[in-house]
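Data first, discussion second: the structure below is written as structure tokens.
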Amino acid sequence: MKPDTAQFRENAAAAIADPRLQSALAKLPGGLVAQRRAAVTALPEFEALRDEARAIRDATLANLATHLEAFEAKATAMGSHVHWATDADEARQTISNICNTANARLVIKGKSMVTEEIGLNAYLQNSGIEVVESDLGEYIIQKRGEAPSHIIAPAIHLTEADVEADFRSYHTHLDRDRELGTPERLVAEARAVLREKFLNADVGITGANFLISETGSSIIVTNEGNGDLTQILPRIHIVVATIDKVVPTLDEAMTLLRVLARSATGQDMTAYTTLATGPRRADDLDGPTKCHIVLIDNGRTEMLASDMREALRCIRCGACMNHCPVYNAIGGHAYGWVYPGPIGAVLTPALLGITETRHLPNASTFCGACESVCPVKIPLVSLMRTWRERAHNQGPRTRGARILAKLWSAAATRPALYHLLARFAVAIAGALGRAKGRFRRLPIARGWLKHRDLPAPQGRTFQQLWKEAERGVPR
Amino acid sequence: MSRNAILARIRVANPAPQSPPHEAKPAPASLASAGADAVLRFRTAAEAKGVIVVDVDQPANLPLAVVRTLSAANIPVDTIRLNDPALLALPLSDANVTLTRGAAEPHDRLSLSRAVAAVAETGSLLLASGPDNPSSLAFLPETHLVTVQRSTIIGTFEEAFALLRTRYGNSLPRTINIISGASRTGDIGGRIVQGAHGPRQLFVFII
Ligand code: SF4
């Protein structure tokens, strides 16, 4: 999908002004926040598990090459074909070659963020292969030609009525007068439509929540069971994963799974957690006859070598966006690419470059809610701050902004001058605002003042008041 | 070659000396349980996920328990798909049930699998694929029935993985399914609906 990150400000303003989107947003992440809190409260060791999860991710990243080699060796020994791709283009070609060699006409997919990142669907479709997303949320947005608006709930921006209207327009082979007005009916209809696709697909593509070196397995977690049908029914299974997904042992993966589900949906375990290891065995009655694993770098080694390294700990739970006031106000699409929310504001500049994405690190109040819930304790705020600094240092600025910034830094780095100017400004503002005690309108910050007034200063600066208080001057 | 280029870049980003290997910690104490305690905990956790849990005092009584439980849930019991020899040996056909062998077919309504173990921590079932228990049984039919031996209900996933290592050495079957409730989705309007792509209902028979 083509990034639209440069338009962040316009997109965010449009999102806030969109009543339909706002009504969908109003209902949702709040539930996930409450469910997470309940799950965390129910597990006394949760905080200790977060530290442990962080330690596991750090230790794995510190020896990443060794763990990847171990994974490759074990997965190969178990009968999988392991492929490596440095960037999106190589990954798409590798996957496309596997599909073409197998004469695939229909590909069914489980939910996978990395295939969104590399724009896999469009690429395969351009070469004449039908690609169908099977996660219900992904299916809905694929039909609409949209990107996911949340990493675990891709259609969170849509209401039930939106989905009903979509299904009526896509599923034209069904009775026009059918009843469809409940989530149950909509789910049943999608189940029937997608069941046909599952049964006829040649290739199933899944992502991986984790890759296990100990066993050469991929692990996926789903609630729908769509990922399982994807990797059981078609004759070829392709696992697509970035290189940071590797975990040395099953026991370590378990610690990550314990914090993942609780942080994401408040479940202690999603309905289906599945280890897939190689193709079907000689005496198996089902399962794919071939299993391919595509390991993708696409910017991860650069992150590993940079000060964005800690963002590679991410296990894609979505908690940071559920708890983000900015995400809750504007939804995921305003971020303009596949990863929204605080992790998107950190990851997207790392993957696409800061020039195109310079507004994204501003999509934060720096309230810190994201890092206080992140199960692997990524310092999202300071990483966003680093990007802000970098955007500032290389971003295009107007002459006016440059002069203002110079003047500001001249004042702010000279305390005596700063106090003098502040006293002067506060005294004037105090005198102007004395009558009402507040400003309803100012030549700047119009949007801000539309919904609130600015209290007028009392006429003396904080430093003055502090000194007076120290001297015991009554106010 | 991309493989070597990627590994080389990682090694540059991770200069020696590298940190000592991480030692996995045991499961959190509050999640551990054993024996009768584990059985109770498994049942409570599974029921909280909408799973129907039924006690069966001996294998020979499984057919009756299946028929009774499904009738009570208004699920017609006509044909059951299964392939596990131990379960096929039970007098299910005496209970007026037709048994079909093999992996699941698209129009199967009922299937029966045998779990390797169950994990009390989250009320989850551990199923291993193979000729006796093809994994399609757990996903294609609308209703999935699973038997688990009472003695194989264990406390935590660490114990479950230890059991897998003992049983399969270092070569796992194609699929290990950890199943914690029936298939569900919250993707339409945020409300949870059961039976997204897999079974609408899950029944566990503890033998
Ligand atoms: S950054 Fe942390 S909270 Fe956000 S998705 Fe990743 S792991 Fe979850």
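Data table
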quantity: Charge-dipole axis of the range B:76-162 as Lys and Arg at +1 and Asp and Glu at -1 on Cβ define it, positive-most pick from B:116, B:143, B:87; calculated: B:87
quantity: Hits among aspartates and glutamates - C-alpha to C-alpha of residue B:49 under 12 Å, sequence gap 8 or more where chains match; calculated: A:268
quantity: Which of A:109, B:49 is most accessible, then next, and so on - probe 1.4 Å; calculated: B:49, A:109
quantity: Degrees between helix B:62-72 axis and first principal axis of chain B (Cα, 0 to 90, nearest 10); calculated: 80 degrees
quantity: Degrees between helix A:462-471 axis and first principal axis of chain A (Cα, 0 to 90, nearest 10); calculated: 60 degrees
quantity: Cα principal axis extents for the range B:27-163, largest first, Å; calculated: 45, 29, 24
quantity: Residue-averaged 222 nm ellipticity for the protein assembly as shown, from DSSP H runs of 4+ at -39500 (n - 2.57), nearest 500; calculated: -13000 deg cm²/dmol
quantity: Longest to shortest principal axis, alpha-carbon extents of the protein assembly as shown, angstrom; calculated: 96, 55, 54
quantity: B:200, A:262, reordered so the largest accessible area comes first (probe 1.4 Å); calculated: B:200, A:262
quantity: Of A:27/A:143; A:74/A:109; A:2/A:406; A:74/B:25; A:290/A:377, those spanning more than 31 Å from alpha-carbon to alpha-carbon; calculated: A:2/A:406; A:290/A:377
quantity: Cα centroid of the range A:116-165 to Cα centroid of the range B:98-138, whole Å; calculated: 30 Å
quantity: Computed magnitude of the charge dipole of the range A:102-241 (debye, nearest 20; Cβ of K, R +1, Cβ of D, E -1); calculated: 380 debye
quantity: Largest-first ellipsoid semi-axes for the range A:406-471, taking √(5λ) over the Cα gyration tensor eigenvalues, angstrom; calculated: 24, 18, 9
quantity: Shielding by other protein chains, A:305-317, mean Cβ within 10 Å; calculated: 1
quantity: Spatial extent of the range A:65-135: Rg and Dmax, with the Cα atoms as the point set, Å; calculated: 13.5, 39
quantity: Using alpha-carbon coordinates, inclination of helix A:183-200 to the longest axis of chain A, degrees; calculated: 50 degrees
quantity: The range B:1-101: relative contact order in percent, alpha carbon pairs under 8 Å with at least 6 residues between; calculated: 17 percent
quantity: Local electrostatic count at residue A:16 - Lys and Arg +1, Asp and Glu -1, tallied over other residues with Cβ under 14 Å; calculated: +1
quantity: Average partner coverage of B:130-143, which counts Cβ from other chains inside 10 Å; calculated: 5
quantity: For residues of A:153-165, the mean tally of beta carbons on other chains within 10 Å; calculated: 2
quantity: Furthest towards positive pole of dipole, A:5, A:48, A:62, structure part the range A:1-75, Cβ charges; calculated: A:5
quantity: Per-residue SASA entry for residue A:233, accessible area with 1.4 Å probe, Å² rounded to 10; calculated: 50 Å²
quantity: Per residue, the convex hull volume that the Cα atoms of the range A:43-298 enclose (Å³); calculated: 135 Å³
quantity: Assigned charges on the beta-carbon of Lys, Arg, Asp, Glu; the protein assembly as shown dipole about Cα centre (debye); calculated: 3640 debye
quantity: The range A:242-287 versus the range A:30-99: alpha-carbon centroid distance in Å; calculated: 9 Å
quantity: Cys with no candidate disulfide partner in chain A (beta-carbon separation under 4.7 Å rule); calculated: A:99, A:291, A:314, A:317, A:324, A:367, A:374
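The values are calculated or read from the model by the stated rules, or taken from the named source; none is laboratory data. Keep in mind that what you see is a predicted model, and the values were worked out from it rather than measured. Glycine also receives a Cβ, built like all others from the backbone with ideal geometry; neighbour counts cover every protein chain displayed. Protein only, heavy atoms only, side chains kept; ligands, DNA and RNA dropped before computing areas. Shrake-Rupley method; radii C 1.70, N 1.55, O 1.52, S 1.80 Å.
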